[in-house]
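For reference, the structure discussed in these notes is given below.
The values are calculated or read from the model by the stated rules, or taken from the named source; none is laboratory data. Since this is a predicted model, take the numbers as computed values, not measurements. A quick note on method: Cβ atoms are made from the backbone with ideal geometry, for glycine too, and the neighbour counts reach across all protein chains shown.
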Amino acid sequence: MSSSPRNAPAWLQATPFALVFALFLVLPLVLVAAVSFWRATDYELIPAFTAQNYFDIFSGCANTSELCVTLKTYLSTLKFCVLVWAITLVIGFAVAYFLAFHVRSVGAQTLLFILCTVPFWTSNVIRMISWVPLLGRNGVINQGLQAVGLIDAPLEWLLFSDFSVVLAFVHLYTMFMIVPIFNSMMRIDRALIEAARDSGASGWQTVWNVVVPLSRTGIIIGSIFVITIVMGDFVTIGVMGGQQIASVGKIIQVQTSYLQFPAAAANAVILLIVTLMMIWGLTRVVDIRKEL
Amino acid sequence: MGDAKRPAAFYALAAVFGLFVLFLYGPMITIFVLSFQGPEGGLTFPMRGVSLHWFAKLWEGMGVVDVAAAFRRSVALGVVVMGLTVLFALGAGLAFRKRFAGSGLLFYVSVASLIMPSIVVSLGIGLQFRLIDTAAKSALESGGLSGLLEGYGTAMGLFTSALGAHLTWTLPFGLLIMLAVFNRFNPAYEEAASDLGATPWQSFRHVVLPLIAPSLVGVGMFGFTLSWDEIARTSQAIGDVNTLPLELQGLTSTVTTPAIYALGTVTTVVSFAVMGGTWALMRWLRARGGRRAAA
């Protein structure tokens, strides 16, 4: 091997890339962990070692008669997480399955795949507010339902509600399920499907016993993306919830904007631990690197 | 699957797919249409005439927000992020072809960056720059340079903290694309080049680079469009000025005219222009590569 990029020391080529992550990911995370044990006044941070920030977060949580704010917020965030995960998984699987197994020409497959991914490169906020003229009080859906006489008064729960938050999440992030699941499905040897059919398996049996297990990697990668996005979200829940719904990400954002860094850092550490535990459970079953 | 007759499942799934595409694009098309609302029109249908009124309003600025300045800032940041993403991801991609100490760790750190909740990264970078500011101010004070101290605001800014935040988001995508490209790359081309006496640099410049150029264009597009729309990581790490999507997010709760749809149309047009340009450039590079190979 004598070509230049192969001869240049590998670590030299990787240095700029590695420096970015050292300076803007690893160091900030270390600081978050450290500052979560600091104290703060209104205008300055005081290096110290106190677990007070963590006690504050869980204050009142020993009370069994009523849930404390922290647990309530986590439960609400988890509820969104589970709902969005289940819906994106079903839609993502169906769409990927259609593309991988029912579209026969490669050209049509590529075109339809691109059709599904293009919105990913456009603004998320725009895609959120694009629901306003549809779901609003005088929006298309309410006008339509009233015109047919199904309802007398406009439905209020369509916009700035749990419903619109879940809808927006599904709208924005199903792509993260489709791409890895489609990628896994394209690697499935078509002979296996034939063999299943020849052995007398019905369509459902083939999907459940052959396609699902062989798409496991894609399903898990997609799930990791969706779960981490929803767990840390504050933008979607903020905009689509009309800034009225609490989430873990929102707590951190609000505390940061009030410069309560130690409290925000402690919340971030807990969020990180919860998210990492969820991912850890999922990665137990897959090695991402083999899949490229 | 070779038989000509489609199974019933095909039609059911095709219907699901069609509904999904409608679900993806329907709302976006609605606001494109509504952004051309007449001057008397509101946030929802019916259309009251067709005009460019709201685009003109947008250009005048919305209240305290200077949309044009935010637009310029976002373009500048996006272009810088794009350039650095291509360079750094290419370097890392080349490095990953060989084994090097820490390559496994570096891979997992970049994957971690991709799935790390953005608010945590953003908080960390914001915190980091706040501590830098404190340290810098006390250093200036103890050095007796209080003249400089007055001019010192914050180290946080578009091309420091925000740039770093964006790179933690774009570089993992760039690396994954480069790894996929080099996994499928046939080293025989390079070996042939060096057998024919090409220097290492020549074989990179004239053999490897033309072959991977279309993918690099793709990496560049990821870099620009991801930066152009980024909110969560930028939010706590930007300082005094705002990028366009951050302004837009703020405007969602205050603006109640179709001007916000006009802004949506403008930013989406930029995204589509970048995608279209990327596609054209990739096709051109591939066609050129094909001609060269044939010649």
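Observations
- Residue B:27 being of a type outside the set (Lys, Arg) and more than 30 Å from residue A:95 (Cβ to Cβ): no
- Every listed requirement among (1) over 29 Å from the mean Cα position of the chain (by Cα); (2) crowded, with 19+ Cβ neighbours inside 10 Å; (3) more than 8 Å from every other protein chain (Cβ to nearest Cβ); (4) modelled with pLDDT of 80 or more is met by residue B:41 save one, (4).
- Any hit, region B:281-294, residues being touching a residue at least 12 places away in the same chain (Cβ under 8 Å), under 22 Å from the mean Cα position of the chain (by Cα) and at the interface with chain A (Cβ under 9 Å from one of its Cβ atoms): no
- Considering only residues in region B:161-206 that are aliphatic (A, V, I, L, M) and more than 8 Å from chain A (Cβ to nearest Cβ), the one that is farthest from residue A:26 (Cα to Cα) turns out to be B:196.
- Residues located in region B:224-257, provided they are more than 24 Å from residue A:268 (Cα to Cα), at the interface with chain A (Cβ under 9 Å from one of its Cβ atoms) and assigned to a loop (DSSP other than H, G, I, E, B): B:252, B:253
- Qualifying position, being crowded, with 21+ Cβ neighbours inside 10 Å and aliphatic (A, V, I, L, M), among A:140, A:165: A:165
- Residues in region A:189-217 that are touching a residue at least 60 places away in the same chain (Cβ under 8 Å) and surrounded by 16 or more Cβ atoms within 10 Å (Cβ to Cβ): A:193, A:207, A:211, A:215, A:217.
- Across region A:119-143, the number of residues qualifying as within 25 Å of the chain's Cα centre (by Cα), within 7 Å of chain B (Cβ to nearest Cβ) and assigned to a helix (DSSP H, G or I) comes to 9.
Residue by residue, here is whether (1) under 19 Å from the mean Cα position of the chain (by Cα); (2) in a helix (DSSP H, G or I) holds:
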site: A:20; (1), (2): no, yes
site: A:33; (1), (2): no, yes
site: A:50; (1), (2): no, no
site: A:59; (1), (2): no, no
site: A:91; (1), (2): yes, yes
site: A:96; (1), (2): yes, yes
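- Those helices (runs of 4 or more DSSP H) of region A:202-252 in which 3 or more residues are within 26 Å of residue A:126 (Cβ to Cβ) occupy A:216-232, A:235-240.
- Entry remark, region B:65-88: residues being at the interface with chain A (Cβ under 9 Å from one of its Cβ atoms) and either within 14 Å of the chain's Cα centre (by Cα) or in a loop (DSSP other than H, G, I, E, B) (or both) number 1 in total.
- Any hit, region B:153-168, residues being without any contact (Cβ under 8 Å) to a residue 12 or more places away in the chain and either hydroxyl-bearing (Ser, Thr, Tyr) or in a helix (DSSP H, G or I) (or both): no
- Here residue B:134 fits the description: facing chain A (nearest Cβ under 10 Å) and loosely packed, with under 15 Cβ neighbours inside 10 Å.
- You will find that of B:136, B:101, the residue that is in a helix (DSSP H, G or I) and of a type in the set (Gly, Ala, Ser) is B:136 and no other.
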